Amino acid sequence: MLSRRALLQRTTFAAPAWFVARSFPALADDAATGLIVHERVPHNAEPPLDRLVESWITPNDLFYIRSHAPVPEIDADSFRLEVEGLVDRPLSLSLAELRQRDRRQSVVATMTCAGNRRNEHNAVKPVSGVMWQAGAIGNAEWTGIRLSDVLKQAGVKENARHVWFEGLDQVERSSGVIPFGASIPLDKAMQDEPDMPGALIATAMNGEPLSPDHGFPVRTVVPGYIGARSVKWLGKIVVSDRPSPNHYVQHAYKLVEEDTDRQWSAASPIETYVINSVTCLPADGASVAPGELTVKGYALAAGLPERTIRNVEVSTDKGRTWRSARFEEEARPYCWRLWTARVAVDSNTSGLIVRATDSAGNRQPETVPWNLKGYLFNAWHRTAIDVR
């Protein structure tokens, strides 16, 4: 059994011989796709909202990009995914092994950043982080092998409780260079359903190999969890009896009001995303003609297998009355629903409000408490329009 000191030491970055990291142009062509770029290095970008709701499956070149460090360059031929910690048989898996056809599974799941809509949170009171609008979300078909199958192959010891993920990126912090990391409870990792794994070790996205921006050659996909738990450029899996000590588990992606060790230590890591809905068309501030207006957007239930979106409502009179939207597709666990509503607007209409209700009757809140990093903002989405 690894000691706590040994486990902590494993979180420091030690690059394998086949790995070279450098800052190089990512494959995404922001100008061609129209992505809204918040940072180029590390690459952080999101699609315009009108493009986001063009299809239920988000095209790869319109999928939001979240990075904490430059994209690493990895030699696929010599790549190995290491599996270690509280296991009977440590593994070193090649990309070919991870792509074995008889073990592959494809699942559709929505991924969203915990900071989606952060700019709205920032408007209430300043927060820190990438100033995401409402496009840090996407729905894709992910292909790979179940994390549970790999863990069964390795043989998980009885005292194991958590699974750590460690990326091959090199994040520069004041304390030194570290990899981006995450961890999930072992129960979640093993919580497979007939058509949806608790977590997937993915090598493809929408039928294509992962691009560098999206984690080539391997990433995790954890349905229902915030995007930060789906680690890109995955290089190591560690099975442990406790959550990962990585900075991005212990001192980020938590709901705190003050940047103090006491608050960071007391807060629990964010796991599942929350119910949310957003108007994508018309755009905020758009000029529209009086009469019938077509409104489009997306809605996502909280990240639990039994939760789906049941209803989306749009208001043109500041929440006094509501009109239900219709959906483009059937409800599916861990997937967003695209919606359309037809509403009447006139010169007295100054804006639109949208809210969602899930299958358990939970309704999106009108307001949410402020937190230091602007995570999980899911208040009613408001869109200003100019009717003329």
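With respect to residue 325, is the statement that it is under 22 Å from residue 224 (Cβ atoms), crowded, with 19+ Cβ neighbours inside 10 Å and small (Gly, Ala, Ser) true? Here the answer is no, as residue 325 does not meet what is asked. Filtering the stretch 156-202 to residues that are polar (S, T, N, Q) and part of a loop (DSSP other than H, G, I, E, B) leaves 159, 170, 174, 175, 191.
Per-residue answers, yes or no, for (1) in a loop (DSSP other than H, G, I, E, B); (2) outside the structural domain of residue 156 (by TED's automatic domain parsing); (3) modelled with pLDDT under 95:
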| residue | (1), (2), (3) |
| --- | --- |
| 12 | yes, no, yes |
| 16 | yes, no, yes |
| 23 | yes, no, yes |
| 28 | yes, no, yes |
| 41 | yes, no, no |
| 54 | yes, no, no |
| 57 | yes, no, no |
| 78 | yes, no, no |
| 92 | no, no, no |
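Per-residue answers, yes or no, for (1) at pLDDT below 95; (2) among the β-branched types (Val, Ile, Thr); (3) out of contact with any strand residue (DSSP E or B) (no Cβ under 7 Å at 6 or more places or on another chain); (4) not assigned by TED's automatic domain parsing to the domain that holds residue 382:
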site	(1), (2), (3), (4)
258	no, no, yes, yes
289	no, no, yes, no
295	no, yes, no, no
314	no, yes, no, no
339	no, no, no, no
342	no, no, no, no
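Once the stretch 263-294 is narrowed to residues that are hydroxyl-bearing (Ser, Thr, Tyr) and under 24 Å from the mean Cα position of the chain (by Cα), the residue that is farthest from residue 331 (Cα to Cα) is 265. Here the stretch 129-184 is the region considered, the condition is being closer than 19 Å to residue 91 by Cβ and basic (Lys, Arg), and the residue that is nearest to the chain's Cα centre (by Cα) is 146.
The set of residues in the stretch 264-290 being over 30 Å from residue 247 (Cα atoms) and out of contact with any Lys or Arg (no Cβ under 9 Å at 6 or more places or on another chain) consists of 283, 285, 286. Quick one: would you say residue 98 is crowded, with 20+ Cβ neighbours inside 10 Å and either among the basic types (Lys, Arg) or farther than 17 Å from residue 133 by Cα (or both)? Taking the combined requirement at face value, the residue satisfies it.
Sort out which residues of the stretch 322-347 are without any contact (Cβ under 8 Å) to a residue 24 or more places away in the chain and in a loop (DSSP other than H, G, I, E, B), and write them in order of number. 330, the sole residue that qualifies. Evaluation of residue 197 against the conditions (1) modelled with pLDDT of 95 or more; (2) within 23 Å of residue 141 (Cα to Cα) shows that the sole unmet condition is (1).
The values are calculated or read from the model by the stated rules, or taken from the named source; none is laboratory data. Note that the structure is predicted; figures quoted are calculated from it, not measured. We place every Cβ from the backbone using ideal geometry, glycine too, and count neighbours over all the protein chains shown.
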